[in-house]
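Take a look at the structure below.
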Amino acid sequence: MQLFSRVQFGSLEHLLPIILAIALCMAIFQFVKRKSESVKIKVFQVLGVFVSCFITIFHLCQIVQGGYSLQSDLPLYLCSFMALFIFIFTSTRKFLLFEVLLFWIIVGTSQGVITPDIEVGFPSFDYFRYWIVHLGLIIIIAYAIVILKMKPNLRSVIKSFLALQVYLIILMLINKLLDANYSYLNKKPESGSVLDYLGEWPNYIITVQLLLIPVFLLIYMPFFLTRNKK
């Protein structure tokens with residue numbers, strides 16, 4: 001394995017963090033399984049603070065080292081943006097935040113895990129930042145569902161979709177102002193991704209928008225079926 005090269009799909013650098021995250025998630029769930037509600041909440045809060053602190057420290061270090069670019073380095077990509085403020089959700093456990101984050105994380109973050117876009121691989125700081133952010137978000141939302149028993153409803157689909165539209169509109173304005181490409185709204189990532197199957201710009205953006213509601217409904221379906229069964 002070549003050090004400090006772009007992470008390749010299916011490589012050890014790609015698969016090992018996922019395997020470790022699954023093992024960690026199962027260990028955490030097992031640990032809190034018979035703990036009191038206060039302990040469960042405390043663990044949830046710690047997870048959120050850890051992810052938010054890590055990405056904050058990463059960006060502060062990048063600024064101190066110099067060469068920090070407003071065009072590419074701000075934590076405005078969807079996953080980085082969620083990670084920066086995820087501690088608010090884990091601290092307050094607001095249902096509205098859960099409704100929005102559930103669909104954003106399952107759709108956006110999971111895609112980042114399946115097709116990683118990491119220019120500099122192990123053992124770079126950015127490599128650890130990428131996996132802690134993406135896998136940390138997934139563990140947090142899984143914890144909310146499995147341990148804290150948070151479940152979305154049909155209105156959650158609409159709320160999450162509308163919130164995403166607001167985020168995208170603001171991001172498009174920022175991209176225009178900074179001549180940037182946050183969340184790949186101006187061009188697709190250099191590494192392979194599902195966007196490669198959705199045509200060129202702006203077709204892939206339009207296609208993603210058209211697919212969001214059906215995909216969100218598909219994510220909601222297991223919760224709907226479980227609720228009806230109960």
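Just a yes or no: is a residue in region 67-75 assigned to a helix (DSSP H, G or I), out of contact with any strand residue (DSSP E or B) (no Cβ under 9 Å at 6 or more places or on another chain) and surrounded by 16 or more Cβ atoms within 10 Å (Cβ to Cβ)?
Step one: of region 67-75, the residues assigned to a helix (DSSP H, G or I) are none.
No; the residues of region 67-75 include none that is assigned to a helix (DSSP H, G or I), out of contact with any strand residue (DSSP E or B) (no Cβ under 9 Å at 6 or more places or on another chain) and surrounded by 16 or more Cβ atoms within 10 Å (Cβ to Cβ).
Give all pairs with beta carbons closer than 6 Å in which a residue from region 120-140 that is free of Cβ contacts under 8 Å to residues at least 60 places away in the same chain meets a residue that is in a helix (DSSP H, G or I) and aliphatic (A, V, I, L, M); count only pairs at least 6 apart in sequence or on separate chains.
Partner pairs satisfying both residue conditions: HIS134/VAL113.
I want to confirm something. Restricting to region 122-149 and keeping residues that are farther than 22 Å from PHE31 by Cα and of a type in the set (D, E, K, R), which single residue is modelled with the lowest pLDDT?
Top of the filtered list is ASP126.
So if I check each of LEU185, LEU168, LEU218, LEU164, which one is modelled with pLDDT of 85 or more and more than 17 Å from CYS79 (Cα to Cα)? Write out each step before concluding.
Numbers: LEU185 fails: more than 17 Å from CYS79 (Cα to Cα); LEU168 fails: more than 17 Å from CYS79 (Cα to Cα); LEU164 fails: more than 17 Å from CYS79 (Cα to Cα).
The unique qualifying residue is LEU218.
Does THR115 satisfy the condition of being within 29 Å of SER38 (Cα to Cα) and hydroxyl-bearing (Ser, Thr, Tyr)?
Values: within 29 Å of SER38 (Cα to Cα): no; hydroxyl-bearing (Ser, Thr, Tyr): yes.
So THR115 fails the test.
Could you tell me whether any residue of region 3-13 is assigned to a helix (DSSP H, G or I), among the basic types (Lys, Arg) and surrounded by 13 or more Cβ atoms within 10 Å (Cβ to Cβ)?
Taking region 3-13 as the starting set, the residues that turn out to be assigned to a helix (DSSP H, G or I) are 12-13.
Checking which are among the basic types (Lys, Arg) leaves us with none.
Within region 3-13 (the criterion being assigned to a helix (DSSP H, G or I), among the basic types (Lys, Arg) and surrounded by 13 or more Cβ atoms within 10 Å (Cβ to Cβ)), the answer is no, since none of the residues qualifies.
Determine if region 158-180 includes at least one residue that is surrounded by 14 or more Cβ atoms within 10 Å (Cβ to Cβ) and in a loop (DSSP other than H, G, I, E, B). Show your work before the answer.
Going residue by residue through region 158-180, those that are surrounded by 14 or more Cβ atoms within 10 Å (Cβ to Cβ) are 159-161, 163-164, 167-168, 171-172, 174-175, 178, 180.
Narrowing further to those that are in a loop (DSSP other than H, G, I, E, B): 180.
Scanning region 158-180, I find at least one residue that is surrounded by 14 or more Cβ atoms within 10 Å (Cβ to Cβ) and in a loop (DSSP other than H, G, I, E, B), so the answer is yes.
Working only within region 131-183, note down all residues that are closer than 18 Å to LEU211 by Cα and of a type in the set (D, E, K, R).
ARG155, LYS159
Go through CYS79, CYS53 for me and flag whichever is modelled with pLDDT under 95 and in contact with a helix residue (DSSP H, G or I) (Cβ under 9 Å, 6 or more places away or on another chain).
Details: CYS53 fails: modelled with pLDDT under 95.
Of CYS79, CYS53, the one residue that is modelled with pLDDT under 95 and in contact with a helix residue (DSSP H, G or I) (Cβ under 9 Å, 6 or more places away or on another chain) is CYS79.
Quick one: what pairs do we get from region 72-92, first residue in contact (Cβ under 8 Å) with a residue 12 or more places away in the chain and of a type in the set (D, E, K, R), second part of a helix (DSSP H, G or I) and surrounded by fewer than 19 Cβ atoms within 10 Å (Cβ to Cβ), C-beta under 7 Å, 6+ apart or different chains?
The qualifying pairs are ASP73/GLN62.
The values are calculated or read from the model by the stated rules, or taken from the named source; none is laboratory data. Fair warning: this is a prediction, and the values are worked out from it, not measured in the lab. Note that each Cβ is placed from the backbone with ideal geometry, even for glycine, and that neighbours are counted across all protein chains shown.
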